[in-house]
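Participant: I'd like to ask you about the structure that follows.
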């Protein structure tokens with residue numbers, strides 16, 4: 001991280017902000033090629049962004065295990081799980 005920051009400090013911090021702003025769309029696979037590459041390159045040299053992306057991936061994976069509607073929407077699964085809490 002330090003090397004990348006010292007070599008191109010303004011670019012590093014611009015990419016840092018960009019990565020934080022686009023983390024969700026990156027994890028969802030919805031970023032275009034250049035933007036996807038920008039986030040991936042930055043996360044490779046920035047431990048904070050790398051950890052953030054790994055954490056976000058874990059959350060998305062965990063949400064994906066909830067039972068949802070046939071079309072795979074997580075919101076319905078979350079609502080069903082919350083409604084089930086009334087039974088306890």
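Participant: What order do you get for 38-46, 11-19 when each peptide is scored by the mean count of other beta carbon atoms within 10 Å, highest first? Show your work: numbers first, answer last.
Facilitator: Values: 38-46: 17.9, 11-19: 15.7.
Packing proxy ranking, top to bottom: 38-46, 11-19.
Participant: Counting other C-beta atoms within 10 Å, which of 53, 10, 31, 63 has the fewest, and how do the rest follow? Kindly include the intermediate steps, with their values, before the conclusion.
Facilitator: Details: 53 21, 10 8, 31 18, 63 13.
With the fewest neighbours first, 53, 10, 31, 63 line up as 10, 63, 31, 53.
Participant: Using the basic label-point model (7 angstrom from Cα toward the beta carbon), what is the residue 44 to residue 59 distance in nanometres?
Facilitator: Placing both labels 7 Å beyond Cα along the Cβ direction yields 2.6 nm.
Quick note: the coordinates plus some simple rules give every number you see, no bench work behind them. Being a predicted model, the structure only gives us computed values, none of them experimental. Please note: Cβ atoms are built from the backbone with ideal geometry, for glycine as well, and neighbour counts cover all protein chains shown.
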